[in-house]
Each structure stands twice: as structure tokens, then as C-alpha cells.
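Novice: The structure follows.
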Amino acid sequence: MMNFLNTLNGWVWGPPLLILLVGTGIYLTIRLGLLQVIKLPLALRYLFVKDEDDDSGEGDVSSFAALCTALSATIGTGNIVGVATAIKTGGPGALFWMWVAAFFGMATKYAEGLLAVKYRVVDENGQMSGGPMYYIEKGLGNKWLAKLFALFGIFVACFGIGTFAQVQAISTAAKDSLHVPIWITAIILTLLVAMVTLGGIKTISKASELIVPFMAIFYIVGGVIILIFNASAIPEAVVLIIKSAFTTTAAVGGFLGSTVMMAIKNGIARGVFSNESGLGSAPIAAAAAKTKSCVRQGLISMTGTFIDTIIVCTMTGLVLVVTGAWSSELEGAAMTNQAFRVGLPIAGIGQYIVTIGLIFFAFTTILGWNYYGERCVEYLFGVKGIKPYRLIYIVLVGIGAFLKLDMIWTLADIVNGLMAIPNLIGLIGLSGVVINETKMYFALLKKRELKAVDYAK
């Protein structure tokens, strides 16, 4: 089974998909005039400054809540386990390729958020539905490709990022650090997920708004303290990361060495697993935002990739390199645990930061992906399919704790890649719409600013 999955994974994540994934980001970056750099300060300001026009906008939750829902699905095991797995297989250079994928992925995420709001609809329950399946169907006029995306979206939710990888990470962390038996973790987790997910998007977004900011700050502060203590080793670590991105990494300690292609493949694949740019998941949450402007929501969505990869994944990667944990025989969460344990040895604080962070990260990812899968089910089968889907999802959460790590990550990579393909085709096909909406929004914004200046005079 593993031989078959590895062969399939190698085919799905071959050069064509890597070129399509990064190429879409490069294409959008050029056409948008480096929007992810020039407009990033404005995007970050939109996170915390409320727009009065948005109060009367259509939608189910606030733009911030929609972002937190998206971040709840993106800031997860990819930031702790995924970074460690990428560096273990591809060497420190994999982190550099995660940066590259994230930089261009910010333009991709912007386009996804914009199109999600522009083409969203109201379902039979009165809730907003949107995402790639809607902008592919309504924008491109290609219904079969939209259905293909929705089908792969359900697979990712049930067998990829949504359940197995997260549940396995939580149960392993609880067992290794807190000595809680796996079966007990599986029961508690299943009950908690059931309590939240059965309440729908409003309950999920409320939980995400509460947990996401807390867990991100908690984990980041721990990582920053380690980097401050090891500040002198950071320049050398950065040099190693950049050098390893373009040259073969020699075997060190428990590390078996890697080629440049391994670094590129693992960096981009784990980067997509972490920030989900190009995957098409985040726009499903963005579509629920209360907003009148699709461009404004696109900018807010774009910050998700910046926060997830440029900040959180970078911090994890640097901690792994400066502490030397990357060359140990450990893998996944155990490697990150070791890095934080070495970096913050006082009373085992570092170990608990990773364990608690991982549990919260993974739990909110399960919640976010439950919603993504639900919207895909609603698109294919109507609202009548939502309740059966939720029950199946809850059962799969309980099963995930007992599966093997290597199979989980390989399966997740395969379905991620398959989900990304129709979405990327949609983004390229609708790039003209993205450019036009962007130009109109900033032209209008400029007029408003000029009027405000004239009024002040």
C-alpha cells in the first residue's frame, strides 16, 4: 500500500504541479505589480481597523472571524510537524523553498479571497457559500471542473489535512509529553469536535477567534525566546538554509543527506500543506465574511499566508536549525519537541510549549477543515448532505489517532495536490477579473483619499 501511495505521490507532486503552483503565484505577482509587498501594510491594517461599510455587507461572520477560521485551518501541524518533516527529508534548504512558495503564494491567496466573495451565493439554509467550486462554475462556466474540486476538497477534509494528520499529531504529543493513552485522547477529541462542529460556521468562527490569536502568540513567544538565547547562531543558520537550497546537503548526525530537488519538492509541498495558498481551501472561509468589497477581503486573506509561513514556519525552522535538532534521528513533532526542549531547558518548558501549541493548532485545523468539507458537500449534494457528512467526519476524527505517520502524510500530500489543480486552473482563467477588480478598488480608494484631503482643507 505504501509503495503504491509513494508512487502516486511522486506522480502528483512531480514537476508539472510544482511549476503550476509556483508559476500561478509568479504570474499573479507580476500582473498585480508586487501587490503582496506594496499593499501588505494596508492588508495588515485592515485586520484591526473595522470598515463601517462592512456592517451592512452580506455574510455570516466578520472579516476577522473569517480570517481566524481560515488561519485555524492553516496554522496547524504543518507549522510544527510539517516544517520538521520537510527539513528532515529535504534538509535546511527546504525552509528556503517554503519562503519562495509563501511569497508568491500571497498573491495566489489574494486572488482566491477576492474571487470567493465576488462569486459567492446564499444556500438553502440562508448561509453564504463560496470558494473555488463557485468561481470555477460561475466565472469560468466549467461545472465539471468545479465538481472535481469539491470532490477532492471532501477527500482532503476527511483523509488529508482535516482529520488524520491533526488527530495523529495531537494523540502522539499527548502520549509522549503528558503520558495520556491514545485511546483516551481519541475519545476526548472526538467529543470536543462534535460539540463545536455541529454548531456550524458561527460556532466554529467563535471558537477560532478565541483560540487562534492565543495559540499563535503563545507558540511564537516561546520560539522568539529560544532565538534570542541563540542569536549568535542565527546568521550561520540562515547561511546554511540558503546554501542548502541550491546544493546537496551532506549527511550530518541522524540526517541522511538530500538533493536540491528533494529540498524544492519538500519545501513547496509542506509549504502548501501549511499555508494552503493555491489549494483553494481558505476562500471557502473568506466567502462567509461580512463585507461589501471582494478586494478588501482578498487583502485580508493574503495576510494568512504571511502569518502562517513567513512568521510561524520561519520561527520553527530557525529553532530546528540553531538547536541542531534537524540533524537528529528524530522526526515530526518529536524533532520540534527536542528543539524546544534544548532551547528552553528550564523545567521542561520548551517541551510543553510545543505540546500545548500542537494540540491547539491541530484542534482548530480540524474545526476549519470540517467547514471546508461541509461547503464542498453542500455544493455537490445540497444542504441535505451536511448532517451525514458531519457525522462521518466525527467518526474519522476518532479513527485518525490509530493510523501510522508515514501513510498519513503521503495520503495528505496526494489529495492536497489533486485539490490544487482545478483551483489553479480557475485562478489563471479568472486572472483578468482579479486585475480589473483590483484596479477599480484602488482607483476608488484614491478618489476617497483625495476627497478627504480636500474636505480637511
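Novice: Which shape class, rounded, prolate or oblate, goes with the stretch 145-201 when its Cα gyration tensor gives a ≥ b ≥ c as root eigenvalues, a/c under 1.5 marks rounded, and past that a/b bigger than b/c marks prolate?
Specialist: In terms of gyration-tensor shape, oblate.
Novice: Students often check this: by mean Cβ neighbours within 10 Å, which of 354-360, 432-438, 6-12 ranks highest, and how do the rest follow?
Specialist: 354-360, 432-438, 6-12
Novice: Quick check: convex hull of the Cα atoms in the stretch 219-308, volume per residue, rounded to a whole Å³?
Specialist: 155 Å³
Novice: Give me the compactness ratio for the stretch 331-407, meaning the Cα radius of gyration over 2.2 N^0.38 Å.
Specialist: 1.51
Novice: Which pairs in the list Lys109/Lys384; Lys88/Lys384; Lys206/Lys265; Lys175/Lys290; Lys175/Lys206; Lys147/Lys446 are over 32 Å apart, alpha-carbon to alpha-carbon?
Specialist: Lys88/Lys384; Lys206/Lys265; Lys175/Lys290; Lys147/Lys446, as the Cα separations exceed 32 Å there.
Novice: Sorted by accessible area with a 1.4 angstrom probe, largest first, how do Thr249, Thr172 fall?
Specialist: Ranked from most to least accessible, the order is Thr172, Thr249.
Novice: Any idea of Glu124's accessible area? Nearest 10 Å², probe 1.4 Å.
Specialist: 150 Å²
Novice: Tell me which residues come under 5 Å, amide H to amide H, from Val252 once H is placed; ignore anything under 5 positions away on its chain.
Specialist: Hits under the 5 Å cutoff: Gly257.
Novice: If you roll a 1.4 angstrom probe over the protein chains with everything in place, what fraction of the accessible area of the chain belongs to carbon and sulfur, to the nearest %?
Specialist: 69 percent
Novice: Separate question: Take Tyr441, Tyr219 and sort them by solvent-accessible surface of the protein heavy atoms, 1.4 Å probe, largest at the top.
Specialist: From most exposed to least exposed: Tyr441, Tyr219.
Novice: Let me ask something additional. With θ taken as phi - 60° and the coefficients 6.51, -1.76 and 1.60, list the Karplus ³J(HN,Hα) couplings across the stretch 125-130 in order, rounded to whole Hz; mark glycine and proline as x.
Specialist: With coefficients 6.51, -1.76 and 1.60, one gets 8, x, 9, 6, 10, x Hz.
Novice: Give me the distance in nm between label points sitting 7 Å out from Cα along the Cα-to-Cβ direction at Ile399 and Trp11, one decimal.
Specialist: Result for the modelled spin labels: 2.3 nm.
Novice: Another one. Can you work out the accessible area per residue across the chain, with the rest of the protein chains kept in place, probe 1.4 Å, in square angstrom?
Specialist: 39 Å²
Novice: Right, another one. Over all pairs of distinct alpha carbons, what does the Kirkwood formula give as the hydrodynamic radius of the stretch 364-440, in Å?
Specialist: That comes to 15.2 Å for the stretch 364-440.
Novice: Looking at the square roots a ≥ b ≥ c of the eigenvalues of the Cα gyration tensor of the stretch 92-203, which shape do they give, rounded for a/c under 1.5, prolate if a/b is larger than b/c, or oblate?
Specialist: oblate
Novice: May I pose another question? What accessible area, in Å² to the nearest ten, does a 1.4 Å probe give for Arg448?
Specialist: Approximately 130 Å² for this residue.
Novice: While we're looking at this one, here's another question. Within the P(r) computed for the chain, what percentage of the Cα pairs occupies the region above 38 Å?
Specialist: 18 percent
The values are calculated or read from the model by the stated rules, or taken from the named source; none is laboratory data. Remember, predicted model here, so these are calculated numbers, not experimental data. In this analysis, Cβ positions are derived from the backbone assuming ideal geometry, glycine residues included, and neighbour counts consider all displayed protein chains. Just so you know, the surface numbers come from the protein's heavy atoms only, side chains and all, with ligands and any DNA or RNA stripped out. Shrake-Rupley method; radii C 1.70, N 1.55, O 1.52, S 1.80 Å.
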